[in-house]
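K.L.:
If you scroll down you'll find the structure; I have some questions about it.
The values are calculated or read from the model by the stated rules, or taken from the named source; none is laboratory data. Computed from a prediction, not measured in an experiment: that's the story for all the values here. Neighbour counts are summed over all protein chains in view; Cβ atoms, including those assigned to glycine, are modelled from backbone coordinates with ideal geometry.
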Amino acid sequence: MLSTDIVPGGARPAASGRGVRKSGHSRAGGFSLLEMVVAMAILGLALGALYQAASGATRNVRSDERFAYGVELARTVLANYAVLPPGGVSSNGETAGGFNWQVATRPIDLGRSALAAASLYDIEVAVRWQDGVRRREVVLNSVVEGTLQP
């Protein structure tokens, strides 16, 4: 039976009891102090997790930028030594940003190959830098031509 149905004799059916207090006092709408404290605690935890995620992402971007710079520096140094003087090269340096680079070469023994008249070198370019508490390094290896001695 619906609550709007009228019962013969004019009486209405009894309420189901939901939402009505037995003491006759109605409860004011809103949240209790305990509910507010719990909600604030949950909000604090969520904001703390969000802050940690955002700061971690910022650190990762900064670390990736420094790594990309280290790789580009190594590629640039390698390109600067595309052709080596007789005897090879051993050199190092430092950038203003704290990146240390080092170049080392050693001759490749061509022995009895058809390229015996050529002068080839194995070149290694290493770039090192400090990233927070960690030491990072990029190493590139290649083979380059050396100029022949007269």
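K.L.:
Out of 55, 142, 63, report the one residue that is in contact with a helix residue (DSSP H, G or I) (Cβ under 7 Å, 6 or more places away or on another chain) and either in a helix (DSSP H, G or I) or of a type in the set (Gly, Ala, Ser) (or both).
P.N.:
Residue meeting the stated conditions: 142.
K.L.:
Name the pairs: first residue in region 135-150 and under 22 Å from residue 64 (Cα atoms), second residue modelled with pLDDT of 90 or more and among the small types (Gly, Ala, Ser), Cβ to Cβ under 6 Å, at least 6 apart or on different chains?
P.N.:
138/70; 138/74; 139/126; 140/74
K.L.:
Follow-up question, since we're still on this one. Failed condition for residue 62, given (1) of a type outside the set (Gly, Ala, Ser); (2) modelled with pLDDT of 90 or more; (3) over 13 Å from residue 128 (Cα atoms), with all others met?
P.N.:
(2) is the only condition that residue 62 fails.
K.L.:
Here's a follow-up. Under the condition of being of a type in the set (Asp, Glu) and modelled with pLDDT of 90 or more, which residue from region 65-118 is nearest to residue 129 (Cα to Cα)?
P.N.:
Filtering first and then ranking leaves 94.
K.L.:
Search region 83-103 for residues being exposed (fewer than 15 other Cβ atoms within 10 Å of the Cβ) and of a type in the set (A, V, I, L, M), and hand back the single one that is farthest from residue 136 (Cα to Cα).
P.N.:
83
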